[in-house]
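For reference, the structure is listed below as structure tokens.
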2 protein chains.
Amino acid sequence: MLSFVVRKGKLQIQEERIPRLRPGWAVVRVRLAGICNTDVEILRGYHEFRRTPGHEFVGEVVECADRKWIGRRVVGEINISCQGLGRKAKCDFCRRGISTHCEHRRVLGIIGHDGAFAEYLTLPVCNLHKVPSNVSDEQAVFAEPLAAACEILEQVDLRAHREVAVLGDGKLAQLIARVLHAAGPRVTMLGKHEEKLALARKAGIATAKANHKKRWTLVVEATGSAHGLEQALAMLAPRGTLVLKSTFHGAARLETWPIVVHEISVVGSRCGPFRPALKMLRDGRVDPRPLISRVFPLHEAVAAIRHAQRRGVMKVLLKTQEVLPG
Amino acid sequence: MLSFVVRKGKLQIQEERIPRLRPGWAVVRVRLAGICNTDVEILRGYHEFRRTPGHEFVGEVVECADRKWIGRRVVGEINISCQGLGRKAKCDFCRRGISTHCEHRRVLGIIGHDGAFAEYLTLPVCNLHKVPSNVSDEQAVFAEPLAAACEILEQVDLRAHREVAVLGDGKLAQLIARVLHAAGPRVTMLGKHEEKLALARKAGIATAKANHKKRWTLVVEATGSAHGLEQALAMLAPRGTLVLKSTFHGAARLETWPIVVHEISVVGSRCGPFRPALKMLRDGRVDPRPLISRVFPLHEAVAAIRHAQRRGVMKVLLKTQEVLPG
């Protein structure tokens with residue numbers, strides 16, 4: 001099969017065997033894969049991952065011991081935990097039901113397991129979610145980042161906040177703003193790029209320039225930049241909550257006294273639950289399709305990831321060649 | 001009266017009038033004042049405060065419109081809020097009962113109001129707390145930092161943690177460890193200074209060297225250093241809570257991705273409630289007296305603050321000359 005791997009900070013094409021089926025797992029033919037900033041960070045050295053990247057996908061099951069999965073259109077949770085790894089004794093986190101923090105976890109396309117920039121991938125069946133029939137591939141490929149946005153709903157009691165600021169106007173910020181907007185409070189996106197802010201406004205989200213003077217009780221930082229945390233801290237009212245979403249390779253200088261003096265709570269937020277994400281797609285409460293900038297065929301992944309880093313470009317997708325029946 | 005002010009990064013002695021009595025306020029003769037790391041940071045430029053520092057004190061009321069306060073031994077909350085400032089319309093925070101974050105606040109010896117490195121100070125009566133008769137001056141002078149330690153009990157549900165790590169072995173870390181120890185969980189202090197760790201052990205607190213490999217669900221950072229946050233992050237288990245206590249003048253380089261990837265909650269913690277602090281002193285559940293390194297007479301404040309910065313020195317107190325009766 002066609003796949004890509006990370007070599008010396010770049011994607012390299014390769015011909016590889018289709019991954020073999022393991023007990024309790026499924027082999028999935030990838031239909032669409034999404035390029036995320038984390039993939040770009042991986043090329044820069046994040047996690048020192050040297051295999052096939054890609055953790056946003058929609059595909060169809062082509063091999064599975066449990067025959068009812070065959071042919072199903074699926075998305076997949078990316079953290080492969082004790083259960084998926086077939087460990088008899090679960091780790092402390094899996095026992096507590098927090099399998100996204102499994103001590104032994106591998107992460108699709110990020111840590112120790114080949115990802116979705118390939119014609120086929122494998123995942124444990126327990127990681128898979130069936131895609132509702134009214135949700136298109138172009139919507140379903142957003143399930144993973146949408147789930148990450150939904151994680152905020154699990155961590156913060158939105159009822160305590162009439163308003164929320166989303167700092168950043170990129171791909172993840174756009175999804176977060178849409179999820180929060182669907183969940184209730186008035187959402188304002190603060191960003192630098194007029195064309196991206198305009199995209200948010202079309203979804204009913206208020207926007208403002210990032211140097212806005214207002215103080216917020218809840219700010220979600222999704223700039224993807226090293227300076228996002230400091231910027232977000234300056235936007236917060238005393239006793240406010242800051243949800244931190246950006247991961248990047250490197251460090252930033254930070255004055256920490258505002259956290260203490262204003263008694264800010266900073267909440268790190270990573271992967272989230274797929275069920276509410278798929279439900280939002282199914283019910284049409286969030287439509288991520290306007291965020292798609294361009295679709296490349298899989299074999300042009302190198303050009304696609306270059307394109308994804310261009311100014312103003314939002315989500316770039318990789319499409320696997322259709323398999324013709326017969 | 002004798003007092004000290006900050007001039008060009010140093011304490012300077014001066015002769016000043018006794019502050020005048022305002023309606024709703026009291027004039028307090030300072031008996032003992034404590035030197036805190038924040039005072040040292042103020043000399044380094046923190047808050048650009050150029051008046052009389054000192055926010056830890058015990059004293060006696062010498063002037064007050066409400067005569068029942070005269071002669072009472074008191075400690076005082078340091079945040080002077082809308083109520084104390086006599087504002088008719090309370091700010092948003094005061095209305096919500098969070099007067100420590102009052103928008104208009106002045107802070108004794110830190111922001112806009114002269115502090116306790118003087119023979120007399122003034123505070124609104126609503127800031128004062130009577131010292132229980134069985135609590136000595138040497139204990140009562142710790143009420144303010146003990147209250148700051150008690151703030152943690154308001155912010156974190158300790159029942160969710162069987163163990164807690166206190167990072168740092170200085171004055172505030174020692175008080176925090178004692179308060180947490182009194183509150184229930186097993187407390188381990190992680191520090192660099194054997195003689196300070198020994199002091200904690202005498203109070204029944206476990207100790208370890210700071211490079212200990214264990215992962216904790218709750219870490220209180222009280223190093224007073226720019227690197228404390230990064231160190232504390234490395235000690236935390238996924239979904240762990242980090243209480244941040246250190247304030248200092250300056251910035252530190254920080255990799256923020258562990259906060260996101262491990263979904264850490266960082267909770268800033270500043271001033272706290274005096275009532276539980278005084279109750280702990282009254283009931284003998286916390287005894288801070290072993291932390292006193294030396295008592296200087298007030299007029300030697302310059303030497304005292306120099307001494308307070310020496311390696312191994314814990315709490316340094318300033319004692320005002322006794323007023324002889326008659």
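The values are calculated or read from the model by the stated rules, or taken from the named source; none is laboratory data. Please read these numbers as outputs of a predicted model, since none were measured by experiment. Using ideal geometry, Cβ is built from the backbone for each residue, glycine included, and neighbour counts are taken over all protein chains shown. Only protein heavy atoms, including side chains, enter the accessible area calculation; ligands, DNA and RNA are left aside. Shrake-Rupley method; radii C 1.70, N 1.55, O 1.52, S 1.80 Å.
The table that follows gives values for the structure above.
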read-out	value
Efficiency of FRET from Cβ geometry, A:Gln83 and B:Asp283, R₀ 60 Å, rounded to 0.05	0.75
Shape of chain A, Cα gyration tensor, a/c cut at 1.5	prolate
Cβ charges +1 (Lys, Arg) and -1 (Asp, Glu), total dipole of chain A, debye	180 debye
Average accessible area per residue (Å²) across segment A:44-103 - probe 1.4 Å, nucleic acids and ligands excluded	50 Å²
Segment B:72-101 residues near the modelled B:Lys130 label - backbone nitrogen below 14 Å, point 7 Å along Cα→Cβ	B:72-75
Nearest 10 degrees, 0 to 90: helix B:171-183 Cα axis against chain B principal axis	70 degrees
Over chain A: helical MRE at 222 nm, DSSP H runs n ≥ 4 each giving -39500 (n - 2.57), nearest 500	-7000 deg cm²/dmol
Tensor-based shape of segment A:265-304 (alpha-carbon gyration tensor, a/c under 1.5 rounded, otherwise prolate or oblate)	oblate
Accessible area that becomes buried as A packs against B, both chains, 1.4 Å probe, Å², nearest 100	3300 Å²
Above-threshold pairs, the threshold being 19 Å between Cα atoms, out of A:Lys202/A:Lys315; B:Lys192/B:Lys213; A:Lys213/A:Lys245; A:Lys245/A:Lys315	A:Lys213/A:Lys245
Estimated dipole of segment B:166-286 in Debye, rounded to 20 [Cβ of Lys and Arg +1, of Asp and Glu -1, Cα centre]	460 debye
Inter-chain shielding of B:243-255 (mean C-beta neighbours from other protein chains, 10 Å cut-off)	5
Residues with amide H under 5 Å from that of A:Leu167, placed H, sequence gap 5 or more	A:Leu190, A:Val220, A:Glu221, A:Ala222
Estimated vicinal HN-Hα couplings, Hz - segment B:224-239 in sequence order (Karplus 6.51, -1.76, 1.60; Gly, Pro = x)	x, 10, 5, 9, x, 4, 4, 4, 5, 4, 5, 8, 8, 6, x, 6
Other protein chain Cβ atoms within 10 Å, averaged over every residue that makes up B:222-232	1
Options B:Asn79, B:Ile13, B:Val260, ranked by Cα towards positive dipole end of chain B, top entry (Cβ charges)	B:Val260
Which of B:Gln155, B:Val179, B:Ser225, positive extreme of dipole for segment B:148-268 (C-beta unit charges)	B:Val179
Net charge, A:Leu281 excluded, C-beta distance under 14 Å - Lys, Arg +1, Asp, Glu -1	+2
For segment A:105-121, 3J(HN,Hα) per residue [Karplus equation, 6.51 cos²θ - 1.76 cosθ + 1.60, θ = phi - 60°, Hz, x = Gly/Pro]	5, 10, 10, 3, x, 10, 9, x, 8, 4, x, 9, 7, 6, 6, 9, 9
Within the accessible area of segment B:148-268 (1.4 Å probe), percent carbon and sulfur	51 percent
Accessible carbon and sulfur surface of segment A:1-101 relative to its total accessible area, %, 1.4 Å	45 percent
On Cα atoms only, tilt of A:143-155 relative to the major axis of chain A in degrees	40 degrees
Accessible area expressed per residue, segment A:162-313, with surrounding protein chains retained (probe 1.4 Å, Å²)	41 Å²
Dipole magnitude (debye, nearest 20) for the protein assembly as shown, charges at Cβ of Lys, Arg, Asp, Glu	320 debye
Prolate/oblate/rounded call for segment B:231-326, Cα gyration tensor, a/c under 1.5 rounded	prolate
Cross-link reach list, lysines versus A:Lys68, counting only Cα pairs under 17 Å and skipping chain neighbours closer than eight places	A:Lys130
